[in-house]
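One structure is given here, and the rest of the page talks about it.
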Amino acid sequence: MVKEDPITPPLLTFSIDPESGFCSNTKIFHSLRHPFSLPPQTTPLSVTSFIFSSLHRYPTTSSAVALLDSTTPHRILHSQLQHLVNSLAFSLHHEFRLSRGKTAFLLSLNSPHIPILYLSLFSLGVIVSPSNPANSAREISGQIHLCKPVIAFTTSDTAHKLPYFLPTILLDSPEFNSMMFRNQNSFHLPENQISQSDTAAILYSSGTTGNFKGVELTHRNFISFLAGARAAATVRKTPVVTLCAVPYFHVYGFMLCFREVALGGTVVAIKRFDLELMARKVEEFKVTHLALAPPSLVAMVNNADVASKYDLSSLEMVLCGGALLANAVTERFKIEFPNVAVAQAYGLTEATGGITRTMGPNESRVKGTVGRLNSFCQAKIVDPNGLGLPPFKEGELWVRGPTIMKGYAADKEATASILDADGWLKTGDICYFDNQGFLFYVERMKDLIKYKAYQVAPAELEHLLQTHPEITDAAVIPYPHEEAGQIPVAFVVRKSGSLLNEKQIIDFVAKQVAPYKKIRKVFFLDSIPKNAPGKVLKKELIKLSASGTASKL
Ligand SMILES: CC(C)(COP(=O)(O)OP(=O)(O)OC[C@H]1O[C@@H](n2cnc3c(N)ncnc32)[C@H](O)[C@@H]1OP(=O)(O)O)[C@@H](O)C(=O)NCCC(=O)NCCSC(=O)/C=C/c1ccc(O)cc1
């Protein structure tokens, strides 16, 4: 069992408003949630040991299910989980020499094997680096160049996207399965010497410059997140059964797939969002919580007739994060599903996921909010001169706490531009707090598009467009879209005499990027509007596209 030290509240010289959490002297917003304990930072500890040492607090019966699959009869019980994790770690260490500090690249859709693999790799001190299987070979090769893996895990349908020189284990092979079940008795895992400050995972964030950034998250980051989640968890009579319809390779699903297990709950894996399959599984597994991105909520309200064919009476809550959810969708959801609360959350990969969320039905009723600060978080709302602002004033959201990333892998410059010397992470989002500590998202400062809650960097698409021999200049902007949130739209200047058309441009980009990054519409211009130093006036382009003028161009 891991010894824990309660986090001693800092000696406060200044008073904090108990309603908003705001300190008018420091201009810092503090969390209003329960405080929590963390193991001493110097204790060698992996996320996996932390989870298994704390599971005893969540008594489960021997038949309690930890992991379920939506398409196969696979079920893994809580009582089996630690054994499977250890068995797999043993094989990976002895047969593939995986050990502390090495990196494993993962390319897979959700399955119950993934959290087991994550926990096994963490227990060995191996850095886990998961990627979207829909990424193009070009994108995958960029990520591999960044994280330098010694091994890859994938499934037979995406193995061809990996470079031939990388040893690869297929997750859908009998060999992988046997590694989880093979080692029956004693394990001789290497002595646990994993430092909490070791990097545990490298997750990919788009980065506004267009290149993938590898977000380095430590064991301490994950342990802090999980300890905070435990402090906030309420005691329940029935177990939480969460169906996760967001991918395990992005921080939202990544955290969720083992947070729920660490809290003694059940996680149902669904490979890709499919409304009817999801509704059927809610009925079959008596799902209580759904983890979704906004487009899936839109699909639920637009197709309530599909959902109504199934018994969804077990559903208590839908957790929605990854992108902004329109108030109109929440209102329609309440009408269609009056017994299901919508918990909104705001998070970033660079902060190990959630920074704020609404807890319980009362907070869910606060219109438009993305929730209150989680227990491990401090925040500031900052004006353009770096000055902190009080409640109801809009400015850039800065956040600080033990879940903030170590930095971007091999990119000191990018790290320095987002993380300051006092540990504040500049989110690039304009927000405000009200006088009850609720956060409201206003708009994005950074040049980033969110398509179905995936990040798309306009700069990456602009660079690609500019490599086309018949294009002299290009700019990419977000365009509002009911289902996807935003779609990438391009403004293109063709070489004189060129007859290049919209479809050819869309195809040219689509061949080189993941499908979610595809350009969905093209407008042709004689020149791209720019200011005197040559910066593209994107707001003008956004206005042009919104006014409908662009379509006539
Ligand atoms: C379920 C969604 C919303 C919709 O699914 P979909 O419509 O089936 O689309 P896909 O995303 O699977 O695929 C996108 C496109 O790629 C296509 N595609 C796909 N795989 C292929 C293929 N292998 N070949 C070819 N075409 C393909 C697919 O057909 C589709 O095409 P299109 O219809 O044109 O959009 C899906 O997009 C989705 O899971 N999005 C969520 C992404 C996500 O996790 N974002 C979070 C990032 S991290 C973050 O912000 C954290 C926040 C957070 C917040 C709160 C917290 O508490 C913690 C954290």
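Placing unit charges on C-beta atoms (Lys and Arg positive, Asp and Glu negative, everything else neutral), compute the dipole magnitude of the chain about its Cα centre in debye, rounded to 20.
Values: 54 positive and 46 negative charges, 34 e Å.
It works out to roughly 160 debye.
Could you give me the ³J(HN,Hα) list for segment 526-533, computed from phi with Karplus coefficients 6.51, -1.76, 1.60 and θ = phi - 60°, whole Hz, x at Gly and Pro?
With the stated coefficients, segment 526-533 comes to 7, 7, 8, x, 9, 7, 4, x Hz.
Taking the Cβ of Asn435 as the center, what net charge do the other residues with Cβ under 13 Å away carry, scoring Lys and Arg +1 and Asp and Glu -1? Present the calculation step by step, with values, prior to reporting the outcome.
Numbers: positive: Arg372, Lys393; negative: Asp17, Glu19, Asp434.
That works out to -1.
Could you calculate the contour length gain from Arg365 to Ser156, that is, 0.36 nm times the residue separation minus the distance between their Cα atoms, to one decimal place in nm?
Numbers: separation 209, 0.36 × 209 = 75.24 nm, distance 4.51 nm.
Length difference between fully extended and current span is 70.7 nm.
How high is the FRET efficiency between Gln41 and Lys503 when r is their beta carbon distance and R₀ equals 45 Å, given to the nearest 0.05? Write down the numbers at each step before the final one.
Working: r = 56 Å, r/R0 = 1.24.
FRET efficiency, Gln41 to Lys503: 0.20.
First measure r as the distance between the Cβ atoms of Glu283 and Gln82, then evaluate 1/(1 + (r/R0)^6) with R0 = 30 Å and state the FRET efficiency to the nearest 0.05.
The calculated FRET efficiency here is 0.50.
So, taking all protein chains as they sit and a 1.4 Å probe, how much accessible area belongs to His145, in Å² rounded to tens?
130 Å²
Apply the Karplus curve 6.51 cos²θ - 1.76 cosθ + 1.60, θ = phi - 60°, to the phi angles in segment 229-243 and return the couplings in whole Hz, x for Gly and Pro.
Couplings: 5, 5, 4, 8, 5, 9, 6, 10, 7, 10, x, 7, 10, 10, 9 Hz.
Taking +1 at the Cβ of each Lys and Arg and -1 at the Cβ of each Asp and Glu, which of His289, Ala152, Ser46 sits farthest along the dipole of the chain towards its positive end, judged by Cα position relative to the Cα centre?
Sorting the options by dipole projection puts first Ala152.
With charges only on Cβ, +1 for K and R and -1 for D and E, what is the dipole size of segment 446-547 about its Cα centre, in debye, rounded to 20? Can you show the working numbers first?
Working: 16 positive and 11 negative charges, 37 e Å.
With Lys and Arg at +1 and Asp and Glu at -1, about 180 debye.
Heavy-atom accessible area of Arg520 with all protein chains present, probe 1.4 Å, nearest 10 Å²?
Approximately 90 Å² of Arg520 is accessible to the 1.4 Å probe.
Compute the length gained on full extension between Lys393 and Ser173: take 0.36 nm times their separation in residues and subtract their Cα-Cα distance, giving the result in nm to one decimal. The partial results should precede the final answer.
Values: separation 220, 0.36 × 220 = 79.20 nm, distance 5.50 nm.
This chain segment gains 73.7 nm when fully extended.
Whole-Hz Karplus ³J(HN,Hα) for segment 384-401, in order, using 6.51 cos²θ - 1.76 cosθ + 1.60 and θ = phi - 60°, x for Gly and Pro?
x, 8, x, 8, x, 10, x, x, 6, 9, 7, x, 6, 7, 10, 10, 9, x
Distance in nm between label sites at Leu166 and Ile542, each 7 Å beyond Cα in the beta-carbon direction?
3.5 nm
Between Thr234 and Val306, with labels modelled 7 Å along Cα→Cβ, what's the label distance in nm to one decimal, could you check?
3.0 nm
Residue farthest toward the positive end of the dipole of segment 244-381, with Cβ of Lys/Arg at +1 and Asp/Glu at -1: which of Gly354, Ala328, Tyr252?
Farthest along the dipole direction, towards plus: Gly354.
With both bridge residues required to lie in the chain, what share of the DSSP beta bridges run antiparallel, to the nearest 5%?
Details: 56 of 91 bridges.
Counting DSSP beta bridges with both partners in the chain, the antiparallel share is about 60 percent.
Could you report the accessible area of Lys530 in Å², rounded to 10, computed with a 1.4 Å probe on the protein chains as they sit in the structure?
Here the accessible area works out near 80 Å².
Considering only DSSP beta bridges where both residues belong to segment 72-215, give the percentage that are antiparallel (nearest 5).
Details: 3 of 16 bridges.
So the antiparallel bridges amount to about 20 percent of the total.
Within the accessible area of the chain, what % is carbon and sulfur when the probe is 1.4 Å and the other protein chains stay in place? Walk me through the numbers before you get to the answer.
On the way: 13170 of 24150 Å².
Reported share for carbon and sulfur atoms: 55 percent.
Which value, in Å², gives the accessible area per residue of the chain when a 1.4 Å probe is used on the protein heavy atoms?
Details: 24150 Å² over 553 residues.
Using a 1.4 Å probe on heavy atoms only, each residue of the chain averages 44 Å².
Could you pull out the chymotrypsin sites (Phe, Trp or Tyr not before Pro) across segment 189-283 that fall in loop regions by DSSP (anything but H, G, I, E, B) with no more than 16 other Cβ atoms inside 10 Å? Can you show the working numbers first?
On the way: sites: Tyr204, Phe212, Phe222, Phe225, Tyr248, Phe249, Tyr252, Phe254, Phe258, Phe273; in loops: Phe212, Tyr248, Phe249, Phe273.
For chymotrypsin sites (Phe, Trp or Tyr not before Pro) across segment 189-283 that sit outside H, G, I, E and B with at most 16 neighbouring Cβ atoms in 10 Å, the list reads Phe273.
Based on the alpha carbon coordinates of the chain, what radius of gyration and maximum Cα-Cα distance (Dmax) apply, in Å?
Rg then Dmax for the chain, in Å: 23.6, 74.
The values are calculated or read from the model by the stated rules, or taken from the named source; none is laboratory data. Keep in mind it's a predicted model, so treat the numbers as computed, not measured. We place every Cβ from the backbone using ideal geometry, glycine too, and count neighbours over all the protein chains shown. Just the protein is used for accessible areas: all its heavy atoms, side chains included, with ligands, DNA and RNA removed. Shrake-Rupley method; radii C 1.70, N 1.55, O 1.52, S 1.80 Å.
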